[in-house]
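In what follows, a structure is listed as structure tokens, so that the remarks can point back to it.
The values are calculated or read from the model by the stated rules, or taken from the named source; none is laboratory data. Just so you know, these numbers come straight off a predicted model, no measurement behind them. In this analysis, Cβ positions are derived from the backbone assuming ideal geometry, glycine residues included, and neighbour counts consider all displayed protein chains.
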């Protein structure tokens, strides 16, 4: 009895999770979007990731922390420069690790 309920809950959660992901694919695959809409949609992932990054950097503990208590705010400047210059995720992440390690060693 309990196993059946757990299975039904998991199945229901999977369906509720999949519907918002599959519905746009099914609906949008049948129509052609205007060029402006497609161009606008290309910026959505960057905007979402930027918002998440800004919140994680500025408010790591749920409240605004400024340097020197917030080393991430200091580290973000050289890491963004690495990202813009190299356009490589691996180099950016490695650079971020190195910058944070150096900041923690020097200031932490």
Could you tell me whether residue 29 is out of contact with any strand residue (DSSP E or B) (no Cβ under 6 Å at 6 or more places or on another chain) and over 17 Å from residue 80 (Cβ atoms)? yes
Some residue of the stretch 1-23 being over 30 Å from residue 102 (Cβ atoms), modelled with pLDDT under 95 and not in a helix (DSSP H, G or I): yes
Hits in the stretch 74-108 - residues which are within 19 Å of the chain's Cα centre (by Cα) and not in a helix (DSSP H, G or I): 87, 88
Of all residues in the stretch 93-107, which are loosely packed, with under 13 Cβ neighbours inside 10 Å and closer than 18 Å to residue 83 by Cα? 97, 101
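Residue-wise test of (1) at positive phi; (2) surrounded by 11 or more Cβ atoms within 10 Å (Cβ to Cβ); (3) not in a helix (DSSP H, G or I).
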site: 39; (1), (2), (3): no, no, no
site: 45; (1), (2), (3): no, no, no
site: 48; (1), (2), (3): no, no, no
site: 52; (1), (2), (3): no, no, no
site: 55; (1), (2), (3): no, yes, no
site: 62; (1), (2), (3): yes, no, yes
site: 67; (1), (2), (3): no, yes, yes
site: 72; (1), (2), (3): no, yes, no
